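Reviewing the structure listed below.
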Amino acid sequence: MGELTMQPESQTDHIALLSLMLVGTLIKRLEEVGQLDDATAHQIHRLVDTVRIHAKSSGLTDLKILFDNIDRALGDRGTA
C-alpha cells in the first residue's frame, strides 16, 4: 500500500488509519479470489467517500495516501 508516514495523535486517528488499511486489504483479497463485483465496489466507494469527507473536515489530511490507494485499487469499478 505505499509508505505511510502518518503519526496517529489520538485513538480516533488510529482507528481511522487501521480501518482504511483494512479496506485496502479487503479489496486486494476480494480481487484475488474474483469476488469484487461492481455492486460491492460501488458500496466501498460510497463508504470510503463518506469517510474521506469526515477525515478532511476533521483535519486528517495525512490519510490521503490511503484514500488514493483505495481509489487506485478499485479503479473505475462501482463509480457509476
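See the values below:
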| item | result |
| --- | --- |
| Average Cα contact separation per residue, region 38-80, under 8 Å, 6 or more apart, as relative contact order % | 72 percent |
| All-pairs Cα distance distribution in region 38-80, expressed in whole percent, bin size 10 Å | 31, 52, 17, 0 |
| Within the chain, helix-based [θ] at 222 nm, where runs of 4 or more DSSP H residues each add -39,500 (n - 2.57), nearest 500 | -22500 deg cm²/dmol |
| The chain, relative contact order in percent, only Cα pairs under 8 angstrom and at least six apart counted | 48 percent |
| GNM top mover of 55, 39, 16 - the chain, alpha-carbon springs below 10 Å | 39 |
| Residue 46 paired with residue 18, simple spin-label distance in nm, labels 7 Å along Cα-to-beta-carbon | 2.7 nm |
| Pair residue 72, residue 38: separation of 7 Å Cα→Cβ label points (nm) | 2.5 nm |
| q = 0.17, 0.22 Å⁻¹: log10 I(q)/I(0) that the Debye formula gives for the chain, counting C-alpha atoms only | -0.64, -1.02 |
| FRET efficiency estimate (nearest 0.05) - Cβ-Cβ, residue 31 to residue 56, R0 35 angstrom | 0.85 |
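Taken together, the values in this text are just the output of simple stated rules run on the coordinates, not laboratory data. This is a predicted model, so every value here is computed, not measured. Heads up, the Cβs are rebuilt from the backbone with ideal geometry, glycines too, and the neighbour counts pull from every protein chain shown.
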